[in-house]
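Trainee: Quick one: structure below, then a few questions.
Read-outs throughout are calculated quantities, based only on the coordinates presented, and are distinct from any laboratory measurement. On a predicted model such as this, the values are computed, not experimentally measured, just so you know. Virtual Cβ from ideal backbone geometry, glycine too; neighbours counted across all protein chains shown.
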Amino acid sequence: MGSNCQLIKETLLEFLGNAIDVTATRDYCVLTLPQKTIDDRLASVFVQEKIPGFFVVDDGGKTAAELFAQGIHVTDLKLAALEELAERYGATFVQGTFRIGCHAEKLNAAIVSIGQCATLATWYVLGHKPRFEEEPILHRIETGMRAWQAPYEKEIRPRVRVTGQKTEHVIDFVSFPLNGYGQTASHEDHQIEQVLKKMNPWLPIGVKVVRPSDNALEQARGYGFMAYDLVGTQFENWPRVAVVTRKEDWTQPAMDLVYKSASIVIPIDTGEEEKLEKLLPERLSEVAA
Amino acid sequence: MASNNFFLVPQIVADDKYFDVSRPEILRDLRAPAGKFDRTEEHETKDEYNVDFRVIIRLNVNCQSKVPEGWTIALKLHNERIDGVDWESEFTASDGITVHGWHRHQYSVRKARSIQRFQPQTSMV
C-alpha cells in the first residue's frame with residue numbers, strides 16, 4: 001500500500017511537472033499552472049525578480065480584467081471579498097492585481113497562492129447572468145422630440161458635438177430653433193419675435209441619455225463634468241435635458257449630481273421606456289417656457 | 001421588457017459599429033488609475049430576414065494591469081461578452097489545437113457562452 005502511495009505521488013509529480021509551463025516574457029516569467037479557473041482558463045502567474053533574491057509574484061491583473069471582460073463588475077462588496085481572499089493566501093489585491101512580494105525561499109509557496117487566488121476569484125462567473133432588461137431609447141427620444149410642438153420652428157439634429165473648455169462632448173439630440181415663428185409667420189409675428197428674443201432668446205435644447213452602466217456615480221460625474229466643462233462657452237446656457245435610464249439602479253447621490261447638472265431630468269424605470277415618447281414633449285415645453 | 005437579442009450576435013460582430021469616442025479619449029480613460037474604458041451605444045442591425053433591430057452594445061477595455069498580458073477588450077450585448085481579445089498563456093482553440101498568446105473570443109449562440117477561442121492571428125502574436 002505504502003509503495004502505491006509513493007507511486008501516486010510520483011505520478012502526480014510527473015503530471016504537474018508536465019502540466020506546468022513557463023515562458024520568459026520581457027523581464028518576467030509567466031508560469032501556466034494546471035489549475036483551471038471557473039471561466040475555463042489555465043491560471044497564469046507572473047514572476048519578476050525585482051532585486052536579486054526578492055521576487056514579485058502576481059496574476060498580471062488577469063483575473064480582474066477577465067471578470068470585467070465577462071460582464072462582472074467588481075463592486076465594493078466584491079472588492080472586499082477579493083481583498084479578504086488575497087489576505088487568506090498571504091497576498092494583497094490592489095488595483096485589480098493579486099500580488100505577493102517574497103524572498104527566494106518562499107517563491108514556490110507564493111506562486112501556488114497566487115494561482116489559488118486567480119482560480120478562486122473567478123467563482124463570480126457562476127452567478128453571472130445576461131441582463132435583458134435595458135431597451136434602446138434613442139429612437140424614442142427622437143420621436144418624442146419631433147412630436148414636440150415647440151413655440152418656434154425647430155430642427156432636431158442627432159449627435160451634436162460641443163466643445164468645452166477641456167474637451168469635446170456629444171449631445172445625443174439638440175433641438176435648434178430655426179427662424180423663430182417660421183417662414184409662414186406674419187411680419188407682425190416676426191416683430192414680436194424679435195422683441196421676445198431680446199427678452200428671452202430661444203436657445204437650443206440638448207437631450208442626452210445618461211445610463212448607469214456599472215457605476216451610476218461615475219456616469220453622473222461624467223455628465224457633471226460635461227456641464228462644468230461647458231461653463232464659459234457658448235453652450236453654457238443651452239438648456240440640458242438628461243434622460244436617465246434604469247432609474248432603479250441609481251443611488252441618491254448619483255441622481256442628485258445629475259439633477260444639479262441638468263435643467264431637467266427625466267428618470268425612466270426599466271420597462272417604462274415607451275412612456276418617453278409622451279413624456280419628453282411635455283418636459284421640453286417646460287424647458288422652453 | 002427588452003428581448004433576448006443573442007440571435008443577432010453574428011450580424012452585430014460582422015457589422016461596422018460606431019462608438020462616439022475618439023482615441024485620445026479612450027487613452028485618457030485607460031491612463032487614469034482605474035485603467036478602464038466603458039462606453040455604451042445603441043446599434044442598428046438587421047436579422048437574417050432583413051428585419052431592423054436596435055440593440056444596446058457596450059465596449060469595455062481594461063488596461064489596469066502594468067503587464068500588457070493582463071489587458072482585455074470586450075464587446076458586450078446584454079452585459080455578456082460577444083467578441084473580444086485577451087491573452088492566455090495556453091489555451092485550446094476552437095479547432096482543438098493548443099496555442100498561446102493574444103487571441104479572439106467569440107460568443108457561441110449554440111452554447112450561449114463566450115467560449116469560442118480562435119487561434120492568434122499573425123498581427124496579434
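Trainee: Just counting partner chain Cβ atoms within 10 Å, what average do the residues of peptide A:218-224 show around their Cβ?
Mentor: Working: counts 3, 2, 0, 0, 1, 0, 0.
Mean shielding by partner chains, rounded to a whole number: 1.
Trainee: Suppose each label sits 7 Å from its Cα in the direction of the beta carbon; what would the B:Arg31-A:Gln6 distance come out to in nanometres?
Mentor: Output for this residue pair reads 6.3 nm.
Trainee: Shifting gears a bit: Take A:Val174, A:Val45 and order them by how many other Cβ atoms sit within 10 Å, fewest up front. Walk me through the numbers on the way to the answer.
Mentor: Values: A:Val174 21, A:Val45 27.
Exposure proxy ranking, most exposed first: A:Val174, A:Val45.
Trainee: Highest first, please rank the peptides A:122-133, A:215-226, B:3-14 by the mean number of other Cβ atoms sitting within 10 Å of their residues.
Mentor: Working: A:122-133: 14.4, A:215-226: 18.8, B:3-14: 15.9.
Descending packing order for the listed peptides: A:215-226, B:3-14, A:122-133.
Trainee: Which value, in debye to the nearest 20, describes the size of the charge dipole of chain B about its Cα centre when Lys and Arg Cβ atoms bear +1, Asp and Glu Cβ atoms bear -1, and nothing else is charged? Each step should come with its number before you reach the end.
Mentor: Working: 17 positive and 19 negative charges, 73 e Å.
Roughly 340 debye for chain B.
Trainee: Treat the protein assembly as shown as a sphere of radius equal to its Kirkwood radius over Cα pairs and apply Stokes-Einstein at 10 °C in a medium of 1.306 mPa s; give the translational diffusion coefficient in µm²/s, rounded to a whole number. Mind showing how you got there, number by number?
Mentor: Values: Rh = 24.4 Å.
Estimated diffusion coefficient is 65 µm²/s.
Trainee: If you don't mind, there's one more thing I want to ask. Taking only the alpha carbons of the stretch A:41-170, what extent do you get along each of the three principal axes, in Å, biggest first?
Mentor: Result for the stretch A:41-170: principal-axis Cα extents of 78, 37, 23 Å.
Trainee: Moving on to the next point. Give me A:Cys102, A:Cys29 sorted ascending by neighbouring Cβ count inside 10 Å, so fewest comes first. Can you show the working numbers first?
Mentor: Numbers: A:Cys102 20, A:Cys29 17.
Lowest to highest Cβ neighbour count: A:Cys29, A:Cys102.
Trainee: May I ask you to sort A:Leu16, B:Leu77 by Cβ crowding, counting other Cβ atoms within 10 Å and putting the fewest first? Numbers along the way, then the final one.
Mentor: Details: A:Leu16 11, B:Leu77 25.
Starting with the residue having the fewest Cβ neighbours, the order is A:Leu16, B:Leu77.
Trainee: Now, a different point. What nm value, rounded to one decimal, do you get for the distance between A:His139 and A:His187 when each label is placed 7 Å out toward the C-beta?
Mentor: Reported label-point gap for A:His139 and A:His187 is 4.7 nm.
Trainee: May I ask which residue of A:Val22, A:Ser44, A:Gly60 lies farthest towards the positive end of the charge dipole of the stretch A:10-127, with charges of +1 (Lys, Arg) and -1 (Asp, Glu) on Cβ and the Cα centre as origin?
Mentor: A:Gly60
Trainee: Taking the alpha-carbon distance from A:Lys62 and a cut-off under 28 Å, which lysines remain once sequence neighbours fewer than 8 residues away in the same chain are dropped?
Mentor: A:Lys36, A:Lys50, A:Lys78, A:Lys106, A:Lys129, B:Lys17, B:Lys36, B:Lys66, B:Lys76, B:Lys111
Trainee: Can you give the charge dipole size of the stretch A:42-86 about its Cα centre, rounded to the nearest 20 debye, using +1 on the beta carbon of Lys and Arg and -1 on the beta carbon of Asp and Glu?
Mentor: Details: 3 positive and 7 negative charges, 21 e Å.
For the stretch A:42-86, the charge dipole is close to 100 debye.
Trainee: Let me ask you something else. Quick one: what Rg and Dmax do you get for the stretch A:30-109 from the alpha carbons, in Å?
Mentor: In Å, with Rg to one decimal and Dmax whole: 13.2, 40.
Trainee: Over 21 Å apart: what share of the alpha carbon pairs of the stretch A:138-288 falls there, rounded to a whole percent?
Mentor: Working: 5291 of 11325 pairs.
Above the 21 Å cut-off, the stretch A:138-288 has 47 percent of its Cα pairs.
Trainee: Let me ask something else. Starting from the Cα of A:Glu87, step 7 Å along the direction of its Cβ; do the same at B:Phe118; then give the gap between the two resulting points in nm.
Mentor: Taking the two extended label points, one gets 4.4 nm.
Trainee: Place a +1 charge on the Cβ of each Lys and Arg in chain A and a -1 charge on the Cβ of each Asp and Glu, then give the dipole magnitude about the Cα centre in debye, rounded to the nearest 20.
Mentor: Details: 31 positive and 40 negative charges, 78 e Å.
It works out to roughly 380 debye.
Trainee: Here's a follow-up. Please compute the Kirkwood hydrodynamic radius over the stretch B:1-113, one decimal place, Å, based on all pairs of different Cα atoms. Could the numbers behind the result be given before it?
Mentor: Numbers: mean 1/r = 0.0643 Å⁻¹.
Radius from the Kirkwood sum: 15.6 Å.
Trainee: Within a 10 angstrom radius of each residue's Cβ in A:64-77, how many Cβ atoms of other chains show up on average? Whole number is fine.
Mentor: Across A:64-77, the average partner-chain Cβ count within 10 Å equals 6.
Trainee: Within 10 Å of each Cβ in peptide A:88-95, how many partner chain Cβ atoms are there on average? Round it to a whole number, please.
Mentor: Working: counts 0, 0, 0, 0, 0, 0, 0, 6.
Mean partner-chain Cβ count within 10 Å for A:88-95: 1.
Trainee: If you average the alpha carbon positions of the stretch A:116-153 and of the stretch A:225-289, how far apart do those two centres end up, in angstrom?
Mentor: 16
Trainee: So, how do all the Cα-to-Cα distances of the stretch A:96-153 break down into 10 Å bins, in percent, from 0 on up?
Mentor: Histogram of Cα-Cα distances, whole percents per bin: 16, 21, 14, 13, 13, 12, 8, 3.
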